[in-house]
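The values are calculated or read from the model by the stated rules, or taken from the named source; none is laboratory data. Model, not experiment: these values are computed from the prediction. Every residue, glycine among them, receives a Cβ derived from its backbone with ideal geometry; neighbour counts consider all protein chains shown.
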Ligand code: FES
């Protein structure tokens, strides 16, 4: 199932944005990252304590996203937690960019 998230024009290169969508009557929060050459979409909530990752700190060089609350670091390619206090990965999604609209594929 394809889920439409937003137009790419709402994201500057190097920036992140939280998008909230209702999917099958369930509210889902996504963190969208625009690195210019690639778009990444992860769940927006940190797996440590439900803090918004889109308010965190992004390294385009290392592809790491640091949670602003307790500084857990996630790999934006795999979602893997790279340091404590988070131990669980954050969900990542396959991104499709079509006519400047960002979609993700949900199973
Ligand atoms: S809420 Fe993200 S590291 Fe604690």
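A compact table of results
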read-out: Filtered residues of the stretch 95-107 (kept if under 11 Å from residue 1 (Cα atoms) and in contact with a strand residue (DSSP E or B) (Cβ under 8 Å, 6 or more places away or on another chain)); value: 103, 104, 105, 106
read-out: Matching residues in the stretch 49-75 - criterion: being in a strand (DSSP E or B) and within 11 Å of the ligand (Cβ to nearest atom); value: 52, 65, 66, 73, 74
read-out: Members of the stretch 36-58 found to be closer than 19 Å to residue 105 by Cβ and surrounded by 15 or more Cβ atoms within 10 Å (Cβ to Cβ), listed by number; value: 39, 40, 41, 42, 43, 44
read-out: Count of residues meeting criterion [in contact with a helix residue (DSSP H, G or I) (Cβ under 9 Å, 6 or more places away or on another chain) and under 9 Å from residue 16 (Cβ atoms)] in the stretch 53-74; value: 1
read-out: In the stretch 76-102, residue farthest from the ligand (Cβ to nearest atom) [restricted to those that are surrounded by fewer than 18 Cβ atoms within 10 Å (Cβ to Cβ) and outside any loop (DSSP other than H, G, I, E, B)]; value: 98
read-out: Residues of the stretch 1-43 satisfying the condition of being more than 16 Å from the ligand (Cβ to nearest atom), in contact with a strand residue (DSSP E or B) (Cβ under 9 Å, 6 or more places away or on another chain), in a strand (DSSP E or B) and free of Cβ contacts under 8 Å to residues at least 60 places away in the same chain; value: 15, 17, 19, 20, 21, 22, 27, 28, 33, 34, 40
read-out: Residue check, residue 46 within 13 Å of the ligand (Cβ to nearest atom), more than 9 Å from the chain's Cα centre (by Cα) and without any contact (Cβ under 8 Å) to a residue 40 or more places away in the chain; value: no
read-out: The listed residue being out of contact with any helix residue (DSSP H, G or I) (no Cβ under 9 Å at 6 or more places or on another chain) and at pLDDT below 95, out of 23, 41; value: 23
